[in-house]
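The structure under discussion appears below in the form of structure tokens.
The values are calculated or read from the model by the stated rules, or taken from the named source; none is laboratory data. Just so it is clear, the model here is predicted, and its values are computed rather than measured. Cβ atoms come from the backbone with ideal geometry, glycine included; neighbour counts cover every protein chain shown. When the accessible area is computed, the model is the full protein with side chains, heavy atoms only, and any ligands, DNA or RNA have been set aside. Shrake-Rupley method; radii C 1.70, N 1.55, O 1.52, S 1.80 Å.
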Amino acid sequence: MKLTLRLDYGEGSPRTITTDLWSVVAWERKTGRKISSLADGVGMEDLCFLAYTTLQRAGEELPGKIDDWIKNLSTLEVVDGGATPTNRATPAT
């Protein structure tokens, strides 16, 4: 399952990313939940973790602590569960 997320740092140009398999597995290991349980409700911390790990894997330069990265976000929202985004973060090769 992939999620398409829209990130906005408050600079006027939101960015859309799609989670990858690694970020989903990392989230499952961290929470002890299956990704299918998101249908029962998802928290902002869950979404932030998925976005942060996706960006890390894509080779983005991020603060070392997720909390520091979250402080820079203005908004984060789910766009959908599988559409092709316009500005996708992809893993570094």
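Within the stretch 1-19, count every residue that is outside any loop (DSSP other than H, G, I, E, B) and under 17 Å from Thr75 (Cβ atoms). So that I can check it myself, show each step before the final result.
Initial filter on the stretch 1-19 (outside any loop (DSSP other than H, G, I, E, B)): 4-8, 15-18.
Those still in the list that are under 17 Å from Thr75 (Cβ atoms) too: 4-8, 15-17.
The qualifying residues number 8.
Return the total of residues in the stretch 13-42 being at pLDDT 90 or above and under 13 Å from the mean Cα position of the chain (by Cα).
Within the stretch 13-42, the subset at pLDDT 90 or above is 14-34.
Remaining after also requiring under 13 Å from the mean Cα position of the chain (by Cα): 15-27.
The qualifying residues number 13.
Yes or no: Arg88 open to solvent by 70 Å² or more (accessible area, probe 1.4 Å), at pLDDT below 90 and basic (Lys, Arg)?
On the way: open to solvent by 70 Å² or more (accessible area, probe 1.4 Å): yes; at pLDDT below 90: yes; basic (Lys, Arg): yes.
Against the criterion (open to solvent by 70 Å² or more (accessible area, probe 1.4 Å), at pLDDT below 90 and basic (Lys, Arg)), Arg88 qualifies.
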Say we look at the stretch 73-85 and pick out the residues that are open to solvent by less than 70 Å² (accessible area, probe 1.4 Å), farther than 16 Å from Ala58 by Cβ and not in a strand (DSSP E or B); which of these is modelled with the highest pLDDT?
Leu73
Tell me, yes or no, whether the stretch 2-16 has at least one residue that is open to solvent by 40 Å² or more (accessible area, probe 1.4 Å) and of a type in the set (A, V, I, L, M, F, W, C).
no
